[in-house]
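J.: Can you keep this structure in mind? I'll have questions shortly.
The values are calculated or read from the model by the stated rules, or taken from the named source; none is laboratory data. No experiment lies behind these values; they were computed from the predicted model shown. Every residue, glycine among them, receives a Cβ derived from its backbone with ideal geometry; neighbour counts consider all protein chains shown. These accessible areas exclude ligands, DNA and RNA; they are computed on the full protein's heavy atoms, side chains included. Shrake-Rupley method; radii C 1.70, N 1.55, O 1.52, S 1.80 Å.
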Amino acid sequence: MSIVNIIIAAALVIFALVIFAGKGDKFIAGYNTASQEEKEQYNITRLRLLIGTLLIWTATVLCISICLPMSKEVALFFRILGIFVPTIAVVILANTWAKKTNTK
């Protein structure tokens, strides 16, 4: 099971690097299907920073939960707390901090 988690963590890091490089906008859920008008409402640099950081964080949480000696229940709780809470924060920040403000 830990091999699968390591492969998932490695894939997350690779996707994060692609997004940080500016080549992975099509991997950002919702942004890739948005119309051009909707895409113009977002600061893509900030959105990339948020999504890439979340991917790196998720990979880190997976690796820590593999490496530290803990029971399956504790590891599951650690993963839930370490992944879902930051994901909620990123959703909120993507709709506030990463949105452009109209200065007309």
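J.: Roll a 1.4 angstrom probe over the protein heavy atoms and tell me the percent of accessible area of the chain that is carbon or sulfur. Before the final figure, lay out the partial values.
T.: On the way: 5020 of 7230 Å².
Within the chain, the accessible surface is 69 percent carbon and sulfur.
J.: With only Lys, Arg, Asp and Glu charged, each at its Cβ (+1 for the first two, -1 for the last two), find how big the charge dipole of the chain is about the Cα centre; round to the nearest 20 debye. All intermediate terms of the calculation are to be shown ahead of the outcome.
T.: Numbers: 10 positive and 5 negative charges, 40 e Å.
The calculated dipole for the chain is roughly 200 debye.
J.: What order do Trp57, Trp97 take when sorted by accessible area (1.4 Å probe), most exposed first? Mind showing how you got there, number by number?
T.: Values: Trp57 120, Trp97 100 Å².
If we order Trp57, Trp97 from most to least accessible, we get Trp57, Trp97.
J.: So what's region 1-47 giving for Cα Rg divided by 2.2 N^0.38 Å, two decimals? Walk me through the numbers on the way to the answer.
T.: Details: Rg = 13.6 Å, N = 47, 2.2 N^0.38 = 9.5 Å.
For region 1-47, the normalised Cα radius of gyration comes out at 1.43.
J.: So what's the net charge close to Arg79: Lys and Arg +1, Asp and Glu -1, counting the other residues with Cβ under 15 Å from its Cβ? Working shown, then result.
T.: Working: positive: Lys72; negative: Glu73.
Once all neighbours under 15 Å are counted, the net charge is 0.
J.: A follow-up question, please. Under a 1.4 Å probe, what is the accessible area of region 1-92 per residue, stated in Å²?
T.: Numbers: 6080 Å² over 92 residues.
Computed with neighbouring chains in place, this is 66 Å² per residue.
J.: If you take the Cα Rg of the chain and divide it by 2.2 N^0.38 Å, with N the number of residues, what do you get? If you can, show how the numbers build up before the last one.
T.: Details: Rg = 15.8 Å, N = 104, 2.2 N^0.38 = 12.8 Å.
Taking N as the residue count of the chain, the ratio is 1.23.
J.: Find out how many positive minus negative residues lie around Ile19, taking Lys and Arg as positive, Asp and Glu as negative, among other residues whose Cβ is under 13 Å from that of Ile19.
T.: Numbers: positive: Lys23, Lys26, Arg46, Arg48; negative: Asp25.
Here the charged neighbours net out to +3.
J.: How far is helix 72-94 tilted, in degrees, relative to the longest principal axis of the Cα atoms in the chain, given as a value from 0 to 90 rounded to the nearest 10?
T.: Rounded to the nearest ten degrees, it is 10.
J.: Taking amide H atoms as placed 1.01 Å from N in the peptide plane, list the residues 5 or more away in sequence, or in a different chain, whose amide H sits under 5 Å from that of Asn43.
T.: Amide H neighbours of Asn43, under 5 Å, 5+ apart: Lys99, Lys100.
J.: Given a Förster distance of 25 Å, report the FRET efficiency between Ala21 and Thr60 from their Cβ-Cβ distance, rounded to the nearest 0.05.
T.: Working: r = 19 Å, r/R0 = 0.78.
That pair, Ala21 with Thr60, gives E of 0.80.
J.: Once label points are set 7 Å from the Cα along Cα→Cβ at both Ile3 and Thr87, what is their separation, rounded to one decimal in nm?
T.: Between Ile3 and Thr87, the label points sit 2.6 nm apart.
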